[in-house]
Amino acid sequence: MGNSESVAGGQTAVPAKETYVWYRKFMKEYPSGLQTLHEFKTLLGLQGLNPKASQHVDQVYNTFDMNKDGFIDFLEFIAAINLVIRGKMEQKLKWYFKLYDADGNGSIDKKELLNIFMAVQALNGQQTLSPEEFTDLVFHKIDINNDGELTLEEFINGTEKDQDLLEIVSKSFDFSNVLKVLYNEKQTQKGASFKPFEKADLGKVEMKQ
């Protein structure tokens, strides 16, 4: 089973009553207690994506699959909801860093950031900045030692201190924004029995505190 603390540590937990509701929904949809990558994409209405967008969704799924067994169990699922809805800014920035650090070596280079931004752009649609412009901007602002790599400390400190950059990162990379768009689209679909978030919850998803 997954460890929710590794994603959700330091943030307000989902109330017990709400957790029970999510558990009933999860087990009804996934009787085995495990959600596959295909089911994750189906839940969010993300079938038939182009390769770049699909790559981004795969990476998101992998960060939620904390024990790396190829599935998302309920503890991992509720930890993901906790992060997206109630996570503090620093927790979300840590998650973003993990998302961008594709090779898992503890730092982000320009190629990794460029690739993930291109994937997000493919999923979210046109952004204000091109992937190249965004990558150059991030490294210009927060790569303090100019070594072409961003450590977790550089990424968090640099982003938190620069409100303009924080806003760009929030809008461009926040997966909760994708969920809101998908939720609105799913409203028009028939038979969507398992919506990722209720309207009341979606209204609580805020990046800037």
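Where a number appears in this text, it was derived from the coordinates with a stated rule and is not lab data. Bear in mind that the values here come from a model prediction, so they are computed numbers and not experimental data. Virtual Cβ from ideal backbone geometry, glycine too; neighbours counted across all protein chains shown.
Here the label points at D136 and E90, each 7 Å from Cα along the C-beta direction, are separated by 3.4 nm in the simple model. Each of V138, N82, F155 was placed along the dipole of segment 16-183 (beta-carbon charges, centred on the mean Cα), and the one lying farthest toward the positive end is N82. Each residue of segment 65-78 is assigned a 3J(HN,Hα), and the resulting list reads 7, 6, 8, 6, 9, x, 9, 10, 8, 5, 4, 5, 5, 5 Hz, derived from the Karplus form 6.51 cos²θ - 1.76 cosθ + 1.60 (θ = phi - 60°), x at Gly and Pro.
Using only side-chain charges placed at the Cβ, +1 for Lys and Arg and -1 for Asp and Glu, the dipole size of segment 16-183 relative to its Cα centre rounds to 940 debye. For the set K41/K92; K41/K68; K52/K98; K25/K98; K28/K98; K41/K141, the pairs lying more than 24 angstrom apart at their alpha carbons are K25/K98; K28/K98; K41/K141.
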